[in-house]
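**Student:** Below: one structure in structure tokens.
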Amino acid sequence: RSANSNQEDPQKCLVELVLGEDGSPFSLQNFNFISNIVSHISGGSGLVLTCTSEKEIIFDHCNFQSNKASNNNGGGLSLVTSEINDKLNFTFNTCNFIGNQATNGGALFITTTNDFNIESCTFDNNIATTSAGAIYINIGAIPEERTIHITRCIFTHNQAQSQEVNRYPSGIYL
């Protein structure tokens, strides 16, 4: 259950999951994304999720370590909902995001119009060249209608390397 770098063609995603329409949750448990370099538009560690119906995605005890999104967002993982994926709901439970790099969201980049949960996760030594060394969150046009739970997480040594420190935080950008 590990995904390692696709050095031959970093333009390709490593894993694409097309999820069915049964409505049941989909869980990735004890999965490791380690030392991946991705310049694909999806960013992140090379995981692309596509779903055409309402679906809950659960990341449980997963490790995202030493991944790099070259000139893109979400070094560890990038989750972007769209017209196709507007019904994805995310939960991260006891995941580790360590030593990842990206333009925005060194560890995790999330753009969604849905609620999501991040529980008991560790964010350590992640780097964003612009904003949010740990987590970059874009919650859509009507933020007051969104519920985001980030509980019992540990944030250490994350960096945003932008010169505008007050505008671009090293921890979480919302």
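**Student:** Fully extended, how many nm does the chain gain between His149 and Asn89 (0.36 nm per residue separation, minus their Cα-Cα distance)? Before the final figure, lay out the partial values.
**Tutor:** Details: separation 60, 0.36 × 60 = 21.60 nm, distance 1.23 nm.
Extra length from His149 to Asn89 when fully extended: 20.4 nm.
**Student:** Please list 56-62, 149-155 highest first by mean number of surrounding beta-carbon atoms within 10 Å per residue.
**Tutor:** On the way: 56-62: 18.6, 149-155: 13.3.
By packing density, highest mean first, the sequence is 56-62, 149-155.
**Student:** Additional query: Label Asn32 and Asn117 with points 7 Å out from Cα along Cα→Cβ: what is the distance between them in nm?
**Tutor:** 2.7 nm
**Student:** Skipping prolines and chain starts, which residues have an amide H placed within reach, meaning under 5 Å, of the one on Ser70, given they are 5 or more residues away or on another chain?
**Tutor:** Excluding prolines and chain starts, which carry no amide H, the hits are Val38, Ser39.
**Student:** What ³J(HN,Hα) values, in whole Hz, does the Karplus curve 6.51 cos²θ - 1.76 cosθ + 1.60 give for the stretch 56-68 when θ = phi - 60°, with x put for Gly and Pro?
**Tutor:** 9, 10, 10, 9, 10, 6, 9, 10, 10, 10, 6, 8, 9
**Student:** If I stretch the segment between Thr156 and Ser39 completely, what's the gain in nm (0.36 nm per residue apart, minus their alpha carbon distance), one decimal?
**Tutor:** Details: separation 117, 0.36 × 117 = 42.12 nm, distance 2.61 nm.
Between Thr156 and Ser39, full extension yields 39.5 nm more.
FYI, it's all coordinate maths here, none of it is from the lab. The shown structure was predicted, so the numbers you read here are calculated from the model rather than taken from an experiment. Ideal geometry is used to build each Cβ from the backbone, glycine not excepted, and the neighbour counts take in all protein chains shown.
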